[in-house]
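What follows draws every value from the coordinates through simple rules; no lab data is involved. Just so we're clear, the structure is a prediction, and the values are computed from it rather than from any experiment. Note: ideal-geometry Cβ built from the backbone for every residue, glycine included; neighbour counts use all protein chains shown.
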Amino acid sequence: MKTARLKKIQTAALILLVLSGLINYLDRSTLSIANSAVRADMDLSAAEMGLLLSAFSLPYAFAQLPMGALLDRLGARFTLGFGMLLWSVAQLAGGFVRTVNQFFVARMLLGVGEAPQFPAGAKVFSEWFAMKERGRPTGIFVASTTIAPALAPPLLTGLMFAFGWRGMFIIMGAIGILIAIAWYAIYRDRRDVQLTPEEIAYLDDGQPPDDRAMTSAEWRGLFRQRATWGMIFGFMGVIYMVWLYLTWLPAYLEQERGLPLATAGWVMSIPYLAGTFGQLSSGVLADHLLARGLKPINSRKLPLCIGLVCAAAFTVPAAYTASLTWAIAFISLAMYFVNLASGSAWALVSVAAPRRLVASLGSLQNFGGYLGGSLAPVVTGVIVDRTGSFVYALLIAAAVSLAGAIAYLLLVREPIIDLA
């Protein structure tokens, strides 16, 4: 039976994770919102801006490799707390840069600092939520990845008009530092809380508790698992499309559709609101399918694959329609389904490996996603420079999404159990 103390711990952890997730994605969005202003201020081409936008992604991707092991060994309290502090200081520093090289360094540190965020969420849910109830909190948490970009256009544009793009960076960095302090002050890892036998039985679904520490051999063993590679390659299909829209949607609406920045900011919120419903749907659907008798893996994989296929299907007409209204409608549907896939992918992590390995597996999946996703801003910038259009960029995103669905479908079949 779930005790009042467990409910309190779960609620506090979820609220703090959502707040940190919102700041995480608002900070990622600042450069895309300030795209035109920064390009004008620093005299950058679209290709150069694409490289600057990608300065976040590659450090973020490669930082995933050690981050999962750090989370599994040191816990989410310290690792995520330190990461939040680092990325918030880097975000604040972005307001003081004077050269493109300085901006690159700030964005790279932002990427390293943000690396523990979502693997930490998977770790927290595996520690404090029973398997049968992990889908909904996971969906709520990862919904921060679409709520924040929906809030970003009016919020960040308002800050930018009031304080300039530099002031916007400084204010967001200061807010992040406060949330980092709150996380470390309030959250506790499971190993630091003395649980009753009833609480342990509830969290572990009556199974014998497994509090062993992850070993280096087990971490290396993850690379010998077919499911690990399916999640690495499959998540590329999710993040490539997510990152294309996150980094270039404001410029797309301005350049391709002729909307002024203030109007584009509000219109851009519509696809992200649709994406929020996709994230929330992923958790509800996963728990529903599990309750109906599907295996834990399949209850996550089915909506994941459907989401990636449908995201590709709606991105193609978005590329070709001449109507602004239909373009927004198709992009909104694509955002709903790719975020249904994103939420399902993170829900998959918490049931695909033992608790002591969840953060490591989640980090490897995220590594693959952002290794592929880091190409999206650069490829899009080059295509826009050469063709003056976003059509081919959207078609490439659709193809990558389909490839991701195939990887999940064929390679992720059973949970990772024995790494000996």
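At Ser323 and Ala174, where each label point lies 7 Å from the Cα along Cα→Cβ, what is the point-to-point distance in nanometres?
About 4.6 nm separates the two model spin labels.
Once both labels are modelled 7 Å past Cα along the beta-carbon direction, what's the Ile417-Gln102 spacing in nm?
5.7 nm
Go ahead and run the numbers for FRET between Tyr392 and Gln194, Cβ-Cβ distance against an R0 of 51 Å, rounding to 0.05.
Between Tyr392 and Gln194 the formula returns 0.30.
Taking only the alpha-carbon atoms of region 278-420, what semi-axes of the equivalent ellipsoid follow from 5 times the gyration tensor eigenvalues under a square root, in whole Å, largest first?
Ellipsoid semi-axes (Å, largest first): 31, 18, 11.
Ala217 to Arg73: FRET efficiency via 1/(1 + (r/R0)^6), r the Cβ-Cβ distance, R0 22 Å, to the nearest 0.05?
0.95
Let a ≥ b ≥ c be the square roots of the eigenvalues of the Cα gyration tensor of region 144-191; is it rounded (a/c under 1.5), or, if not, prolate (a/b larger than b/c) or oblate?
In terms of gyration-tensor shape, oblate.
Would you compute, from DSSP H runs of 4+ residues alone, the mean residue ellipticity of the chain at 222 nm, taking -39500 (n - 2.57) per run and dividing by the full residue count, rounded to the nearest 500?
-27500 deg cm²/dmol
Once both labels are modelled 7 Å past Cα along the beta-carbon direction, what's the Tyr184-Ala130 spacing in nm?
Taking the simple label geometry, Tyr184 and Ala130 are separated by 3.5 nm.
Diagonalise the Cα gyration tensor of region 303-381 and give the resulting equivalent ellipsoid semi-axes, square root of 5 times each eigenvalue, largest first, whole Å.
The equivalent ellipsoid of region 303-381 has semi-axes of 30, 16, 7 Å.
For region 47-172, take the convex hull of the Cα atoms, compute a quarter of its surface area, and give me that in nm², please.
Hull-based average projected area comes out at 8.6 nm².
Please report the projected area of the chain's Cα convex hull averaged over all directions, in nm².
18.4 nm²
Using only the Cα atoms of region 240-281, build the gyration tensor, take square roots of its eigenvalues as a ≥ b ≥ c, and label the shape rounded, prolate or oblate: rounded if a/c is under 1.5, else prolate if a/b is larger than b/c, else oblate.
Because a/c hits 1.5 or more and a/b fails to exceed b/c, region 240-281 counts as oblate.
One quarter of the convex hull surface, Cα atoms only: what value does that give for region 1-111 in nm²?
Taking the Cα atoms of region 1-111, their convex hull projects to 8.3 nm² on average.
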